[in-house]
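My structure is below; once you've seen it, I'll send some questions.
The values are calculated or read from the model by the stated rules, or taken from the named source; none is laboratory data. All values reported here derive from a predicted model rather than from experimental measurement. Neighbour counts run over all protein chains shown; Cβ positions are idealised from the backbone, glycine included. Note: areas computed on protein heavy atoms with side chains; ligands, DNA, RNA excluded. Shrake-Rupley method; radii C 1.70, N 1.55, O 1.52, S 1.80 Å.
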Amino acid sequence: MLSAVDQSPTGCPWRSKPFGGAGLPFGGTGLWFGGAGLPFGGAGLPFGGAGVAVRWSGLPFGGAGLPFAGEYLAHASGTPMCWGRVPRPMDATVGRSTVSGTAYAPPSKSYTHRAIFAGGYAEGVLVRRPLVSADTRASLRAVSAFGASVDERDDSIDVAGFEGAPGVPADIIGCANSGTTMRLALGTASLVDGMSVLTGDSSLRTRPQGPMLDAIEQLGGRAVSTTGDETAPIVVEGWRGGGTVEIPGDVSSQFVTSLLMAGAVTAEGIDVELTTGLKSSPYVDITIDVLDSFGVEVETHEDGYSVPGGQFYEPAGGEYTVPGDFSSASYLLAAGAIAGDEVQVRGVYPGPQGDAAIVSILDRMGASVEWRREDGVIVVERSSLSGVEVDVGDTPDLLPTVAVLGAVASGTTRITNCEHVRYKETDRVSAMAEALQRMGARVTEERATLTIHGDETDLSGATLDGRGDHRIIMSLAVAGLVADGETTITGAEDVAVSFPDFFEVLYDLGASVATTE
């Protein structure tokens, strides 16, 4: 269903020459970022000029006001630094439907990211049943940039790693829309004996990276946001010693994950001391689970984590199998609960994934749901739902799903502790509030709470902006199953981030779904 635009050998279309100049990277006459043969230009000062970060002639990265100079065109939409297959723009229209049948949860995106980076730190690993999506491809490109080699097979990825010693990337690392890739790659870059430059698309370049930049500085490295606002593009100069770092836990647990994964191969290890409570802690549990499978030890303390240094990534038998993804399964389960005769979701086994909470949330709302844990099967069917209060402090990815369930349920559904959900691919709190209101729901939005008044809601089809966010798109598609009329979601190609065949799966379950490019 999804196809890619014509691309250059590096994975992105461009109008003329890559990055401008005479066919040379970053413009100029073969000089990196311009200047008199010095990195980033300037009179012997890193990052160019008299303390001006990565600027030349007052313009970012030099040249006619364009990123990196010249006639570079990064993406069909003008978004810089995609590096990878770019799905064609697509709209999806969903009609009122009844769904039934069996579907398999896609492999976990969170586990796949971590397995790819763990394989990079290792001598190598065969990752079985990975999620191959836009986000995880970004991680594959990142570990390749640090010196790993990657061989994609039918249902596996063979990663020959850099054995704990990442090399200096030959090019900028483009993380596309993947925040996990960016944050894990920042930890890897901090081990490089030299400089690395990381960036992403327009959405990723708005997401906060400050705690990780500060952590790298605390540990003796150097990390600079070229825009000066703690967002990408970011330049990192590495360190390898280890040490103690203080970091807030209420921005993103991915910073902790990155430090733990990198810290295992430092000389001294890393002690992570949290200065606030940790949001999304189950994602750190996922990290520890993956590290354990690779033979890496992590210690958990009351106020943080410690990872001893000098460890080796050694997966048992040289292989790792990715489990099913509860975040993605939540849309299928929600579809079954509001529009299903009977839907079975397979490949969902107990483990540390926080988003397995969707099962208990559905149960609390009165859904007919049964989890056969040993078989990895969840059975759900249409039920009369009632509103509940759900704290998403540890399960931010469930907010869009729960918001849709609340719009269908009787009574009031309050989603609390959700301020951090505003810092995802988009502000998911506002995005869901606005979309559901367009569909006829009554919603109250506060900074850290989203309230859906189900008794005052009758959903009707509407044309909705997918916001470039895979989770918003899939949740609104589920809402479309019970709305009067048709619901059209623009920018629906972004499901490729985590669930590339989502609309095919929904169609196979009996939903009225049509996609147009």
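Pick from 208, 169: which is at pLDDT below 95, assigned to a loop (DSSP other than H, G, I, E, B) and surrounded by fewer than 24 Cβ atoms within 10 Å (Cβ to Cβ)? Let's see the steps before the verdict.
Values: 169 fails: at pLDDT below 95.
Criteria check complete, one pass: 208.
Which of the residues belonging to region 428-439 are free of Cβ contacts under 8 Å to residues at least 40 places away in the same chain and either under 14 Å from residue 398 (Cα atoms) or more than 21 Å from the chain's Cα centre (by Cα) (or both)? Let's see the steps before the verdict.
Quick first cut of region 428-439, residues free of Cβ contacts under 8 Å to residues at least 40 places away in the same chain only: 429-430, 433-434, 437-438.
Within region 428-439, 429, 433, 434, 437, 438 meet the criteria.
Testing residue 245 on (1) assigned to a helix (DSSP H, G or I); (2) in contact with a Leu (Cβ under 8 Å, 6 or more places away or on another chain); (3) not polar (S, T, N, Q), one condition comes back false. Which one is that?
Only one criterion in (1) assigned to a helix (DSSP H, G or I); (2) in contact with a Leu (Cβ under 8 Å, 6 or more places away or on another chain); (3) not polar (S, T, N, Q) is unmet by residue 245, namely (1).
Check region 420-430 and report whether any residue there is under 24 Å from residue 102 (Cβ atoms), in contact with a helix residue (DSSP H, G or I) (Cβ under 9 Å, 6 or more places away or on another chain) and polar (S, T, N, Q). Write out each step before concluding.
Taking region 420-430 first, the residues under 24 Å from residue 102 (Cβ atoms) are none.
Among the residues of region 420-430, not one is under 24 Å from residue 102 (Cβ atoms), in contact with a helix residue (DSSP H, G or I) (Cβ under 9 Å, 6 or more places away or on another chain) and polar (S, T, N, Q), which makes the answer no.
Then there is this: Go through region 464-517 and give me each residue that's open to solvent by 10 Å² or more (accessible area, probe 1.4 Å), under 20 Å from residue 175 (Cβ atoms) and part of a loop (DSSP other than H, G, I, E, B).
467, 468, 491, 500
Please work out which one of (1) in contact with a Leu (Cβ under 8 Å, 6 or more places away or on another chain); (2) on the phi > 0 side of the Ramachandran plot is the condition residue 399 fails and give its number.
If we test residue 399 against (1) in contact with a Leu (Cβ under 8 Å, 6 or more places away or on another chain); (2) on the phi > 0 side of the Ramachandran plot, just (2) comes out false.
May I pose another question? Looking at 272, 256, 265 in this structure, which one is open to solvent by less than 40 Å² (accessible area, probe 1.4 Å) and under 17 Å from the mean Cα position of the chain (by Cα)? Show your work before the answer.
Details: 272 fails: under 17 Å from the mean Cα position of the chain (by Cα); 265 fails: under 17 Å from the mean Cα position of the chain (by Cα).
Being open to solvent by less than 40 Å² (accessible area, probe 1.4 Å) and under 17 Å from the mean Cα position of the chain (by Cα) holds for just one of 272, 256, 265, which is 256.
Being crowded, with 24+ Cβ neighbours inside 10 Å and assigned to a strand (DSSP E or B) is the filter here; which residues of region 104-125 pass it? Break it down into steps so the answer makes sense when it comes.
Step one: list which residues in region 104-125 are crowded, with 24+ Cβ neighbours inside 10 Å, which gives 105-122, 125.
Within region 104-125, 107, 125 qualify.
Looking at residue 296, is it open to solvent by less than 10 Å² (accessible area, probe 1.4 Å) and under 29 Å from residue 159 (Cβ atoms)?
yes
Right, residue 375: over 28 Å from the mean Cα position of the chain (by Cα) and either touching a residue at least 12 places away in the same chain (Cβ under 8 Å) or farther than 27 Å from residue 96 by Cβ (or both) or not?
Working: over 28 Å from the mean Cα position of the chain (by Cα): yes; either touching a residue at least 12 places away in the same chain (Cβ under 8 Å) or farther than 27 Å from residue 96 by Cβ (or both): yes.
The answer is yes for residue 375.
With the requirement that a residue be touching a helix residue (DSSP H, G or I) at 6+ places or on another chain (Cβ under 6 Å) and either surrounded by fewer than 23 Cβ atoms within 10 Å (Cβ to Cβ) or polar (S, T, N, Q) (or both), what does region 134-160 give you?
136, 139, 150
Here's the yes/no breakdown for (1) open to solvent by 10 Å² or more (accessible area, probe 1.4 Å); (2) free of Cβ contacts under 8 Å to residues at least 40 places away in the same chain; (3) not in a helix (DSSP H, G or I):
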position: 390; (1), (2), (3): no, yes, yes
position: 402; (1), (2), (3): no, no, no
position: 406; (1), (2), (3): no, no, no
position: 414; (1), (2), (3): yes, yes, yes
position: 420; (1), (2), (3): yes, no, no
position: 426; (1), (2), (3): yes, no, yes
position: 450; (1), (2), (3): no, no, yes
